[in-house]
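Inspection log for the structure reproduced underneath, given as structure tokens.
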Amino acid sequence: VQLQASGGGLVQVGGSLRLSCAASGSIFRINDMGWYRQAPGKQRELVAHITVGGSTTYADSVKGRFSISRNNAKNTVFLQMNSLKPEDTAVYYCNGRDIMRGIDYWGQGTLVTVSS
């Protein structure tokens with residue numbers, strides 16, 4: 001399984017970005033998908049998660065501002081980020097989980113920088 005993330009960049013406070021992550025390879029193994037982020041000097045943290053059925057969870061810090069969605073037909077997951085804050089600055093990683101085998105797949109990361 002390969003995950004290719006895109007859509008990061010530089011944005012001003014209050015702006016929006018949309019991240020995309022396309023899965024390829026043995027995609028039938030992927031169940032849940034999600035986005036994580038890692039800011040400089042901090043641990044990687046869960047931002048948003050979505051199941052195959054479309055159930056979603058969010059970190060408290062992004063609730064009401066970020067929205068995760070997926071297109072199962074195109075094997076793609078999205079993260080719409082609105083009202084961005086400087087503390088959202090991080091490298092964002094796409095994650096795909098093979099629940100049956102207990103394996104996590106990761107994309108290469110895409111940098112989001114929010115300037116004040």
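The heavy atoms of residue 70 present about 50 square angstrom of accessible area, all protein chains included, probe 1.4 Å. Surface composition of the chain: carbon plus sulfur atoms hold 50% of the accessible area, using a 1.4 angstrom probe and ignoring ligands, DNA and RNA. Residues in region 53-84 near a label at residue 31, defined as backbone nitrogen under 19 Å from the 7 Å Cα→Cβ point? The answer is 53-58, 70-73, 75-77. Of the residues 73, 59, 22, the one that moves most in a GNM of the chain with alpha-carbon contacts below 10 Å is 73.
Determine the shape class of region 26-67: with a ≥ b ≥ c the square roots of the Cα gyration tensor eigenvalues, call it rounded for a/c under 1.5, and otherwise prolate if a/b is greater than b/c, oblate otherwise.
It comes out oblate by the Cα gyration axes.
Within the same chain, lysines fewer than 8 places from residue 63 are excluded, and of the rest, those with a Cα less than 25 Å from its Cα are 42, 85. Since only 53, 16, 90 are under comparison, the one whose Cα sits farthest along the positive direction of the charge dipole of region 6-116, derived from C-beta charges on Lys, Arg, Asp and Glu, is 53. Seen from residue 104, the other residues with C-beta closer than 14 Å to its C-beta sum to a net charge of +2, counting Lys and Arg as +1 and Asp and Glu as -1.
The values are calculated or read from the model by the stated rules, or taken from the named source; none is laboratory data. Note that the structure is predicted; figures quoted are calculated from it, not measured. Here Cβ is always computed from backbone atoms with ideal geometry, including for glycine, and neighbour counts include all displayed protein chains. Remember, those area values only see protein heavy atoms, side chains included, never the ligands or the DNA or RNA. Shrake-Rupley method; radii C 1.70, N 1.55, O 1.52, S 1.80 Å.
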